[in-house]
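Undergrad: Sharing a structure, written as structure tokens. Questions coming.
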């Protein structure tokens with residue numbers, strides 16, 4: 001009888017409604033093809049004082065990880081210790097923890113301080129996108145308890161080595177969220193059902209709207225493009241929508257920009273990606289981007305800046321177009337170049353050819369190679 005290694009995976013999964021929850025659910029599914037995996041998630045992720053919006057979405061279970069144990073209240077040390085005892089009772093060969101923000105530093109410090117197994121941190125970014133006092137100290141204090149690290153960009157590798165000089169790590173690109181496309185293909189008619197007046201195919205900016213993502217630069221760039229070029233902004237503005245709407249009115253772009261403000265359920269994501277020409281990531285800074293991987297999952301090209309790890313993901317002139325960050329003229333030139341190239345470049349075909357690099361199988365292989373865990377296909 002084949003012996004299979006035990007792994008415990010810690011992080012957000014369904015019904016939590018974030019890109020990292022989607023990531024963890026897909027990672028769990030892939031690892032279960034090769035190992036015995038126990039999925040442990042949160043009974044409470046963020047206190048309402050810090051995150052006032054609804055954190056869960058029970059109606060969209062595309063990324064559900066079966067038999068998840070919701071044990072960790074991130075603000076309750078007793079629950080964290082009980083979760084550690086549960087993990088120790090399983091005697092796993094490896095515990096994999098998702099890391100993306102120093103808010104989790106106290107929780108994970110308590111957890112790893114009690115664990116008896118090797119620990120691998122999957123770092124979606126080492127430092128938070130929006131820095132704050134003591135974030136570096138909190139990050140170092142927590143991550144130094146890890147034995148291994150999976151990173152998704154060379155920038156993150158540099159950040160990690162700046163606090164843990166002898167870290168054992170592997171850099172592998174963020175895998176593709178192809179599950180969104182499979183969900184959309186289940187009911188093609190639902191795509192048309194999601195259309196909204198003014199929501200014409202064109203450029204798509206998708207995801208949480210944050211200053212570092214450079215949406216203002218993209219709006220400025222649109223003023224330098226033909227009127228036929230339209231933009232859809234789809235995501236949560238976090239209460240800042242009025243500021244962007246004022247800029248849109250100032251630039252006389254109201255008729256060319258459609259806004260969908262708020263969380264987009266998993267079942268409706270395909271409505272926006274299927275109909276766009278390209279996805280735009282005008283980021284001022286970045287480590288990597290899950291949005292790029294949603295785009296590639298729909299075989300859509302990505303127009304991105306050369307910020308952080310984005311040039312490691314987007315192949316200029318093949319799977320998208322790159323430009324310098326923070327420059328509306330450079331971004332408008334990149335968008336023009338994209339529309340010129342798509343008559344001769346098979347962007348979708350190139351994305352398909354590059355798919356192995358972004359596969360979840362490649363992620364499992366990276367974890368095996370880094371940790372020495374046996375890998376069965």
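Undergrad: Across region 37-49, which residue is farthest from residue 86 (Cα to Cα) among those that are modelled with pLDDT under 95 and over 21 Å from the mean Cα position of the chain (by Cα)?
TA: 49
Results for (1) part of a loop (DSSP other than H, G, I, E, B); (2) in contact (Cβ under 8 Å) with a residue 40 or more places away in the chain; (3) assigned by TED's automatic domain parsing to the domain that holds residue 267; (4) out of contact with any strand residue (DSSP E or B) (no Cβ under 7 Å at 6 or more places or on another chain), shown as yes or no for each residue.
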position: 13; (1), (2), (3), (4): yes, yes, no, no
position: 25; (1), (2), (3), (4): no, yes, no, yes
position: 37; (1), (2), (3), (4): no, no, no, no
position: 40; (1), (2), (3), (4): no, yes, no, no
position: 49; (1), (2), (3), (4): yes, no, no, yes
position: 59; (1), (2), (3), (4): yes, yes, no, yes
position: 62; (1), (2), (3), (4): yes, yes, no, yes
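Undergrad: Looking only at region 68-127, how many residues end up being surrounded by fewer than 19 Cβ atoms within 10 Å (Cβ to Cβ), in a helix (DSSP H, G or I) and touching a strand residue (DSSP E or B) at 6+ places or on another chain (Cβ under 7 Å)?
TA: 4
Undergrad: Kindly provide the set of residues from region 137-159 that are touching a helix residue (DSSP H, G or I) at 6+ places or on another chain (Cβ under 7 Å), part of a helix (DSSP H, G or I) and over 19 Å from residue 95 (Cα atoms), ordered by number.
TA: 138, 154
Undergrad: Which one of these is within 28 Å of residue 224 (Cβ to Cβ) and over 22 Å from the mean Cα position of the chain (by Cα): 278, 286, 330?
TA: Working: 278 fails: over 22 Å from the mean Cα position of the chain (by Cα); 286 fails: over 22 Å from the mean Cα position of the chain (by Cα).
So the residue among 278, 286, 330 that is within 28 Å of residue 224 (Cβ to Cβ) and over 22 Å from the mean Cα position of the chain (by Cα) is 330.
Undergrad: Now a separate question. Answer yes or no as to whether residue 369 is within 21 Å of residue 153 (Cβ to Cβ), more than 21 Å from the chain's Cα centre (by Cα) and in a helix (DSSP H, G or I).
TA: Details: within 21 Å of residue 153 (Cβ to Cβ): yes; more than 21 Å from the chain's Cα centre (by Cα): yes; in a helix (DSSP H, G or I): yes.
Taking the combined requirement at face value, the residue satisfies it.
Undergrad: Quick one: would you say residue 110 is outside the structural domain of residue 292 (by TED's automatic domain parsing) and farther than 14 Å from residue 38 by Cα? Break it down into steps so the answer makes sense when it comes.
TA: Working: outside the structural domain of residue 292 (by TED's automatic domain parsing): yes; farther than 14 Å from residue 38 by Cα: yes.
The answer is yes for residue 110.
The values are calculated or read from the model by the stated rules, or taken from the named source; none is laboratory data. In this text the structure is predicted, and so the values were computed from the model without any measurement. When we count neighbours, we look across all protein chains shown, and the Cβ atoms used for this are built from the backbone with ideal geometry, even at glycine.
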